[in-house]
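The values are calculated or read from the model by the stated rules, or taken from the named source; none is laboratory data. In this text the structure is predicted, and so the values were computed from the model without any measurement. Neighbour counts are summed over all protein chains in view; Cβ atoms, including those assigned to glycine, are modelled from backbone coordinates with ideal geometry.
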Amino acid sequence: MVSPDERFAFDFYPLESEQQTRIAPFFEHLRQGRLTTTKCAECGLVLWQPRVVCAHCHGDRMEWIDLPSAGTIYAHTAVLAGAPVGFEKDVPFVVAVVQLDGIDLKVTARIDDARYEELRIGDPVRLKVISLQDGRQWFRFVRAR
Amino acid sequence: MRKVAIVGTGLTKWGVRAATYKELAQEVSKSLFDDVDNLNREEVDTLVVGSALVDRLAFQAYPAPLVAEQMGLEPTRMCLRTEMACVSGQAAMRVAYTAIASGLSDLAVVVGIEKMNLPNLAETQASMACVLDREWDGVNGLNAPPYFALVAQRHMHEYGTTREQMGLVKVKNAEYSASNPYAHYSKRVSLDKVLSSPLIAPPLRLLDCSGITDGAAAVVMTHGEAAKRFTDTPVFIEGLGQATSGSLVSNLKSLTTWYPLKTAAADALKMAGVGIGDMDLAETHDCFTISEIIEYEDLGLCAKGEGGRFIEDGQSKIGGALPINLRGGLLCCGHPLGATGVAQAVEVTQQFKAQVPSERHVGGEWGLCHNLSGSANNHAVMVLHRGG
């Protein structure tokens, strides 16, 4: 019996190498424990997710900036059923929109160490970097204690 | 610009169907041609197919010519498929409207079809999750139910909306779907049953969610001068609006106010020269119970934050301020993505032509259809007027 994971042609995680994307540094920074994004060198606009061309001025020179690794829960839920292929074994898990501290920027991420009922809007969380089996990097958050 | 009318409708039974994508196309073709007098296949110059995920769910690309063959059509002016996720159906109607209004097409068939049920439902869920930004939102497990759960949590937090108020949306729509033989779910449900159904993505429970449904819907559209050849009661598309803002969930201006809906509704009503208060009935995109509550607010039927009170007071029921989702909505008909927008127009047309059971017949002169997609970042609104 072939598992669903093996039958699935793609997974959800971005391809991160320099051969596949121009934002490869984002993933390299994750490996160093840093959450980063791009800032337009022309107009100074900071956008999430990292980009190669500015949506405001079309400038194509980008600088990498570090984002806060701490934030608070803006909204959260949990996937208790109906998970997509590749995530079935993770059920139940918490998904949240996290408001980063000190900057007008939110990110979507899983919260790894808590159940839905244990969290409230406004609770503090901090960055956690994970390694996938094939060595790719991704980020989640955990409760800040 | 020429006036554009809907002159006939077709529907398949919706549900977990023992039928393929192509078979649904054949069924809806029969239903459509049975409904419309004087409709000759040879005269149909345009076919627009609204299908959101056919590439993945039916493993079929390039569906428009395939659907044309299933329906026995050989379009000579336009043949294409529209993809705008859950708005694919109304998008298909907008394309046909544009073609007919401009004179490019004289007679168009619009069909929305989706085959959603696969042997492995996790595969359907994966395809649905790719409607969001797959690499940055889907990757975190976000999909329709968890996304709308975030919306519901914020609406409860910001405005004090209650679980009971959300549940009442399902109770209302189930009451109307009880007289809809095409609906996936046509049984009445109690509030207790909604509130004790299994949690899917808290605070949302199973009965807060529209189903995973197979189905098709179709309309025939033509220009104003030709309309009377086909029906005594043409239904004119008098206003159209569509607005889109953002994609990534964390970048949305608001989770609880749907600004593109406000824009789309204002544009459609202005084009038609009427106000929301002139509507006799509406079909709104109740993909989840919370969605319909936000739609009351952002359509301007009540003040922001008062959507829960609006359903509690029965204002969206027959006899209230504006009867909404009389076919049972997405919550009870189910939501075959590309078919939904077309089926909403089918319901309003059949209401005007008195082709629906008396239990849910309202009729009237003006109707509004609202279709949304993705992270509620795209909204389409259509204003329909009964002619004849």
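Annotations for the structure displayed:
- Verdict on B:Glu158 being in a helix (DSSP H, G or I), away from chain A (no Cβ under 14 Å) and either surrounded by fewer than 24 Cβ atoms within 10 Å (Cβ to Cβ) or without any contact (Cβ under 8 Å) to a residue 40 or more places away in the chain (or both): no
- The set of residues in segment A:125-135 that are at pLDDT 95 or above and charged (D, E, K, R) comprises A:Arg126, A:Lys128.
Residue-wise test of (1) closer than 24 Å to A:Arg145 by Cα; (2) modelled with pLDDT of 95 or more; (3) basic (Lys, Arg).
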site: A:Leu45; (1), (2), (3): no, yes, no
site: A:Pro50; (1), (2), (3): no, yes, no
site: A:Trp64; (1), (2), (3): no, yes, no
site: A:Ile73; (1), (2), (3): yes, yes, no
site: A:Leu80; (1), (2), (3): no, yes, no
site: A:Gly86; (1), (2), (3): no, no, no
site: A:Asp101; (1), (2), (3): yes, yes, no
site: A:Tyr116; (1), (2), (3): yes, yes, no
site: A:Ile121; (1), (2), (3): yes, yes, no
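- Verdict on B:Leu248 being within 11 Å of chain A (Cβ to nearest Cβ) and of a type outside the set (Asp, Glu): yes
- Put simply, of B:Gly239, B:Gly211 the only residue that is of a type outside the set (Phe, Trp, Tyr), under 22 Å from the mean Cα position of the chain (by Cα) and at pLDDT below 95 is B:Gly211.
- In the set (1) assigned to a loop (DSSP other than H, G, I, E, B); (2) out of contact with any Leu (no Cβ under 8 Å at 6 or more places or on another chain), A:Thr21 fails one condition alone, (2).
- Among the residues making up segment B:96-138, those that are surrounded by fewer than 20 Cβ atoms within 10 Å (Cβ to Cβ), in contact (Cβ under 8 Å) with a residue 24 or more places away in the chain and away from every other protein chain (no Cβ under 14 Å) are B:Ala101, B:Ser102, B:Gly103, B:Leu104, B:Asp106.
- Only one of the listed residues (A:Arg34, A:Arg140, A:Arg126, A:Arg110) is assigned to a loop (DSSP other than H, G, I, E, B) and among the charged types (D, E, K, R). That residue is A:Arg34.
- Residue match in segment B:261-271 (condition: under 21 Å from B:Gln90 (Cα atoms) and among the polar types (S, T, N, Q)): yes
- Any hit, segment A:23-40, residues being over 20 Å from A:Val107 (Cα atoms) and more than 14 Å from chain B (Cβ to nearest Cβ): no
- Residues (β-branched (Val, Ile, Thr), assigned to a loop (DSSP other than H, G, I, E, B) and under 23 Å from B:Phe236 (Cβ atoms)) located in segment B:257-302: B:Val274, B:Thr284
- Looking only at segment B:322-368, and only at residues there that are assigned to a loop (DSSP other than H, G, I, E, B) and under 13 Å from the mean Cα position of the chain (by Cα), the one that is surrounded by the most Cβ atoms within 10 Å (Cβ to Cβ): B:Pro336
- Any chance B:Ser291 is touching a residue at least 60 places away in the same chain (Cβ under 8 Å), within 13 Å of B:Leu372 (Cβ to Cβ) and surrounded by fewer than 20 Cβ atoms within 10 Å (Cβ to Cβ): no
- Residue in segment B:161-196 that is farthest from the other protein chains (Cβ to nearest Cβ), counting only those that are basic (Lys, Arg) and part of a helix (DSSP H, G or I): B:Lys172
- Pick from segment A:102-120, criterion surrounded by 16 or more Cβ atoms within 10 Å (Cβ to Cβ) and over 15 Å from the mean Cα position of the chain (by Cα), ranking: nearest to B:Leu199 (Cα to Cα): A:Tyr116
- Residue in segment A:41-59 that is nearest to B:Val249 (Cα to Cα), counting only those that are within 14 Å of chain B (Cβ to nearest Cβ), among the aliphatic types (A, V, I, L, M) and in a loop (DSSP other than H, G, I, E, B): A:Ala55
- Residues of segment B:136-168 satisfying the condition of being in contact with a strand residue (DSSP E or B) (Cβ under 6 Å, 6 or more places away or on another chain) and either within 12 Å of A:Val95 (Cα to Cα) or of a type in the set (Phe, Trp, Tyr) (or both): B:Asp137, B:Asn140, B:Gly141, B:Leu142, B:Pro145, B:Pro146, B:Phe148, B:Ala149, B:Leu150
- Any chance A:Asp11 is within 12 Å of chain B (Cβ to nearest Cβ) and out of contact with any helix residue (DSSP H, G or I) (no Cβ under 9 Å at 6 or more places or on another chain): no
- Any hit, segment B:77-87, residues being of a type in the set (Gly, Ala, Ser), under 15 Å from the mean Cα position of the chain (by Cα) and surrounded by fewer than 24 Cβ atoms within 10 Å (Cβ to Cβ): yes
- Considered as a group, the residues in segment A:63-94 that are in a loop (DSSP other than H, G, I, E, B) and more than 11 Å from chain B (Cβ to nearest Cβ) include one that is nearest to A:Val46 (Cα to Cα), and that residue is A:Leu67.
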